[in-house]
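Asker: Once you've had a glance at the structure underneath, I'll fire off some questions.
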Amino acid sequence: GGGWRETLGPPSPPCAEYVARITELGASAEASEAALLVAHAYTRYLGDLSGGQIIAKALRRHYGADAAMHFYRFDAIASPSAFKKVYRRALDELMTSSAAVDAEALVAEANAAFSFNARIFRHLDAVCGLAAPAPSPSAAAPEVATAAAAAPASSSLSLSIERE
C-alpha cells in the first residue's frame, strides 16, 4: 500500500546487495548480461510459487494466523501448478531462442540468486533473534557477486531448458 517505503525504511544490506545485482544486470548493454535476469526469475518466482507455498503452510500450521503470509499469496493465479508450467515453458523458450545465453553463466547466476536469497532469509532470522547475521558477500564471499563469471561448470544447480 501507500507509504510502504517510509514504513519499512531502507532495505537490509543483503536485500540492497541483491537489488544492486539485479539493477546491474538490467542496466547492462550486453545482451548476455541482461539475459541472466532469467536466472533470477526462475529462483524467485518459481521458488515462491513452489517452496514458498510449503513455507507458508508450515508457518500457518505453527503460528495459526496468515497475517504475515501475504508474500506467499497469489490470489490472481487460479492454479499455481498450471501457472508454473506455462511460466517455465515461456522462460525456457526465451532461453533457447536467444543466442546471447551462456548456459554455464546462467547456472552460475541462478546459484548466485539462491545465495542472495539465502542471505536475505538469514538476515531476517537474525533480526527476529533466530540466528546470527550472515556476512555480506563482499566480506565473506566476493565470488558470489561475480558468480556468472567465476562459477565452475560443475555447478550445483542445473536449470532444465526444454527444446522443442
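Asker: Does L8 qualify as being farther than 16 Å from A110 by Cβ, in contact with a helix residue (DSSP H, G or I) (Cβ under 9 Å, 6 or more places away or on another chain) and of a type outside the set (F, W, Y)? Full working, then the answer.
Answerer: Details: farther than 16 Å from A110 by Cβ: yes; in contact with a helix residue (DSSP H, G or I) (Cβ under 9 Å, 6 or more places away or on another chain): no; of a type outside the set (F, W, Y): yes.
No.
Asker: Those residues that are in a helix (DSSP H, G or I), more than 29 Å from A78 (Cα to Cα), modelled with pLDDT under 85 and open to solvent by less than 50 Å² (accessible area, probe 1.4 Å), I need them from the stretch 8-56; list them, please.
Answerer: Scanning the stretch 8-56 gives a single hit, A34.
Asker: So, one more: Starting from residues that are surrounded by 13 or more Cβ atoms within 10 Å (Cβ to Cβ), over 23 Å from L36 (Cβ atoms) and touching a helix residue (DSSP H, G or I) at 6+ places or on another chain (Cβ under 8 Å), keep the ones in the stretch 85-136 and report whichever is modelled with the lowest pLDDT.
Answerer: Filtering first and then ranking leaves P133.
Asker: Sort out which residues of the stretch 82-123 are of a type in the set (S, T, Y) and part of a helix (DSSP H, G or I), and write them in order of number.
Answerer: Keep residues of the stretch 82-123 that are of a type in the set (S, T, Y), which gives 87, 96-98, 115.
Of everything in the stretch 82-123, those that are of a type in the set (S, T, Y) and part of a helix (DSSP H, G or I) turn out to be Y87, T96, S115.
Asker: I'd like to check something: does the stretch 67-81 contain any residue that is at pLDDT 80 or above, assigned to a helix (DSSP H, G or I), within 20 Å of the chain's Cα centre (by Cα) and not acidic (D, E)?
Answerer: Checking the stretch 67-81: at least one residue is at pLDDT 80 or above, assigned to a helix (DSSP H, G or I), within 20 Å of the chain's Cα centre (by Cα) and not acidic (D, E).
The values are calculated or read from the model by the stated rules, or taken from the named source; none is laboratory data. Since the model is a prediction, treat every value here as computed from it, not as a measurement. Methodologically, a virtual Cβ is constructed for each residue, glycine included, from the backbone with ideal geometry; neighbour enumeration extends over all protein chains shown. Ligands, DNA and RNA are excluded from the accessible area calculation, which covers all protein heavy atoms including side chains. Shrake-Rupley method; radii C 1.70, N 1.55, O 1.52, S 1.80 Å.
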